[in-house]
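Colleague: Quick one: this structure, given as structure tokens, is what I'll be asking you about.
The values are calculated or read from the model by the stated rules, or taken from the named source; none is laboratory data. Just so it is clear, the model here is predicted, and its values are computed rather than measured. When we count neighbours, we look across all protein chains shown, and the Cβ atoms used for this are built from the backbone with ideal geometry, even at glycine. Calculation scope for accessible area: heavy atoms of the full protein, side chains included, ligands and nucleic acids excluded. Shrake-Rupley method; radii C 1.70, N 1.55, O 1.52, S 1.80 Å.
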Amino acid sequence: FSSGLTAMEKKLAEYKCNTNEAIQLKLVRFPEDLEDDNTTFNPEYSHQVFGDDEIAFGYKGLKILLYYIAGNLSTFFRIEYTSKVNEKFDCVEADDVESKIREIIPPGFCTNTDDFVSLLEKEVNFKPFGMLLHTYSIHNEEAGEDITYQIYKADMTCPGFREYHERLQTFLMWFIETASFIDVDDERWNYFLVFEKYNKDGATLFATVGYMTVYNYYVYPDKTRPRVSQMLILPPFQGEGHGAQLLETVHRYYMSSPTVLDITAEDPSENYVKLRDFVLVKLCQDLLCFSPVKLMQGFSQEMVTEAQQKLKINKQHTRRVYEILRLRATNMGDAEQSRSYRLDIKRRLIGPYKKKQRELAKMRRCLRPEEMTNQLNQIDLNMQREQLEESFQQLVSDYRRVLERLAQA
């Protein structure tokens, strides 16, 4: 009996597919892209749709095809597989993959290639939504030419934007670990979109590159504090510098507004923090309050005020900018300069530790004799020193990366 079970288990195991591999995404510009494997990319995450193990059960050779027209993101959706478990024989049911995908993609998608290709011909009519904020170009090695990109600010009053945004936001599920769809009826959302201009049969077309959503929080009595909520550069365009262009453009957009206090971010990822460090340091490096002489005198209220008033940067981020620029101005080979820098950073890092230390001491006074407290504090201090040193080294290496990128910019 038990050996029979394992045979059955083995058989069923063949019907498990990793959904990150099964889902095949494409951004289609030309009909031949449909057959070209080089245009395919896969999700980084699918746990929000398929559960933590990111497995679909019941199929062999499962392919979940989600193809999008590059500009307006009209969608083609089809499921393919070589075989499916049969309920009658195996007494098990295959996962309903189709309804899981239908939950996150809006209705009105194509299910056959001919319809999709005929939509592709209409793509020449697609134009970006909203107001043009910024145009930039990046040299593309492969194409051997400069490619032009544009950043637009859109809102739900733009005709067709609501439907387009519904299609665009499905990508969040595949590339942001804790993605959620936003309430688009709330008018305090701003949308910033990046497009690439490309040529097709002598016409200029636009392809979607990525986007950012920003929520305008009200601050008493008459200000707002924009908070970056989601930001995604689509995988085919990652690593080309679009994130930095987008974030800088958004800062510049809000900089011109007297009612904006400063810009924050919701639950930022590690990659977003690196990006923000780079962009903010780039913006701040020419401010007078960040001159080498002033950096060496330490973090000041003047830095906080100037960065906030001129560039809408909040206090916490200004402090990071100061630490990065001060590292650039510091000769770390000089014992005195490097010691002074290390102390300055560690003094900030130790803040939360000290608070915890005070709380622990309070607790222990009630619980334990004096000498024990001292011993424990000693152990804590040694651990704390190690952790501090580790945090410091990590920060410095992150900061150096920002400075290297800055030097190449």
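Colleague: As a test of the formula, what do you get for the chain when each DSSP H run with n ≥ 4 contributes -39,500 (n - 2.57) and the sum is divided by the residue count, at 222 nm and rounded to the nearest 500 deg cm²/dmol?
Modeller: Values: 15 runs with 186 residues, N = 409.
Value at 222 nm, helices only, nearest 500: -14000 deg cm²/dmol.
Colleague: Where the eigenvalues come from the Cα gyration tensor of the stretch 215-367, what are the semi-axes √(5λ) of the equivalent ellipsoid, largest first, in whole Å?
Modeller: Values: eigenvalues 171, 102, 65 Å².
The equivalent ellipsoid of the stretch 215-367 has semi-axes of 29, 23, 18 Å.
Colleague: Assuming a ≥ b ≥ c are the square roots of the Cα gyration tensor eigenvalues, decide whether the stretch 8-123 counts as rounded (a/c under 1.5), prolate (otherwise, with a/b larger than b/c) or oblate.
Modeller: Values: a/c = 2.18, a/b = 2.08, b/c = 1.05.
Taking the square roots of the gyration eigenvalues as a ≥ b ≥ c, the stretch 8-123 is prolate.
Colleague: If DNA, RNA and ligands are ignored and the probe is 1.4 Å, what is the ranking of GLU359, GLU187 by accessible area, most exposed first? Could the numbers behind the result be given before it?
Modeller: Numbers: GLU359 100, GLU187 170 Å².
In descending accessible area the options line up as GLU187, GLU359.
Colleague: Which FRET efficiency, nearest 0.05, do LYS60 and ILE147 yield, Cβ-Cβ r, R0 60 Å? Walk me through the numbers on the way to the answer.
Modeller: Values: r = 41 Å, r/R0 = 0.68.
With a Förster radius of 60 Å, E is 0.90.
Colleague: Now, a different point. Keeping all protein chains in position, work out how much accessible area ASP52 exposes to a 1.4 Å probe, and write it in Å² to the nearest 10.
Modeller: The accessible area comes out at roughly 140 Å².
Colleague: While we're here: Using a 1.4 Å probe, what is the accessible area per residue for the stretch 8-123, in Å²? Please list the in-between numbers first.
Modeller: On the way: 6170 Å² over 116 residues.
Here the residues of the stretch 8-123 average 53 Å² of exposed surface.
Colleague: Moving on. Please compare each pair in LYS63/LYS100; LYS127/LYS274; LYS127/LYS200; LYS312/LYS355; LYS223/LYS346 to a cut-off of 26 Å on the Cα-Cα distance and tell me which ones are over it.
Modeller: On the way: LYS63/LYS100 14 Å; LYS127/LYS274 32 Å; LYS127/LYS200 14 Å; LYS312/LYS355 30 Å; LYS223/LYS346 34 Å.
Going by Cα-Cα distance, LYS127/LYS274; LYS312/LYS355; LYS223/LYS346 fall outside the 26 Å limit.
Colleague: Something else now. Leaving out ligands, DNA and RNA, what percent of the accessible area of the chain is carbon and sulfur, probe 1.4 Å? Display every interim value, and only then the final one.
Modeller: Values: 10860 of 22210 Å².
The computed percentage sits at 49.
Colleague: Please give, to one decimal in nm, the separation of the simple spin-label points placed at MET363 and SER300, each 7 Å out from Cα toward the Cβ.
Modeller: 4.2
Colleague: In nm, what is the difference between 0.36 nm times the number of residues separating THR40 and ASP183 and their Cα-Cα distance? Let's see the in-between values first.
Modeller: On the way: separation 143, 0.36 × 143 = 51.48 nm, distance 3.03 nm.
Contour length minus Cα-Cα distance gives 48.5 nm.
Colleague: Give me the distance in nm between label points sitting 7 Å out from Cα along the Cα-to-Cβ direction at GLN408 and GLU270, one decimal.
Modeller: Computed distance between label sites GLN408 and GLU270 equals 1.9 nm.
Colleague: Working out 0.36 nm times the residue gap between ASP114 and GLU386, then minus their Cα-Cα distance, what length gain in nm do you get to one decimal? Could you put the intermediate results ahead of the total?
Modeller: Details: separation 272, 0.36 × 272 = 97.92 nm, distance 6.31 nm.
Gain on extension, ASP114 to GLU386, equals 91.6 nm.
Colleague: Next question. If you count the DSSP beta bridges with both ends in the chain, what percent of them are antiparallel, to the nearest 5?
Modeller: Within the chain, antiparallel bridges account for around 80 percent of the total.
Colleague: Extent of the stretch 210-297 along each principal axis, from alpha carbon coordinates, in Å, largest to smallest?
Modeller: Its Cα atoms span 43, 35, 22 Å along the three principal axes.
Colleague: Now a separate question. With the cut-off at 1.5 for a/c, could you classify the chain from its C-alpha gyration tensor as rounded, prolate or oblate? Walk me through the numbers on the way to the answer.
Modeller: Values: a/c = 2.26, a/b = 1.35, b/c = 1.67.
Since a/c reaches 1.5 but b/c is at least a/b, the shape of the chain is classed as oblate.
Colleague: Then there is this: Residues of the stretch 127-267: accessible area per residue at 1.4 Å, in Å²? Don't skip to the end; give the middle numbers.
Modeller: Working: 6460 Å² over 141 residues.
I get 46 Å² per residue for this part.
Colleague: Considering the Cα positions of the stretch 163-268, please state its Rg to one decimal place and its Dmax as a whole number of Å.
Modeller: Answer for the stretch 163-268, Rg first and Dmax second: 15.2, 54 Å.
Colleague: Quick one: if the Förster radius is 35 Å, what FRET efficiency do THR204 and ASP286 give, using the C-beta to C-beta distance and rounding to 0.05? If you can, show how the numbers build up before the last one.
Modeller: Values: r = 35 Å, r/R0 = 1.00.
For THR204 and ASP286, the calculated efficiency is 0.50.
Colleague: Additional query: In terms of the Cα gyration tensor, with a ≥ b ≥ c the square roots of its eigenvalues, is the stretch 132-194 rounded because a/c is under 1.5, prolate because a/b exceeds b/c, or oblate? Mind showing how you got there, number by number?
Modeller: Numbers: a/c = 2.80, a/b = 1.60, b/c = 1.75.
Oblate is the answer for the stretch 132-194, as a/c is 1.5 or above yet b/c matches or exceeds a/b.
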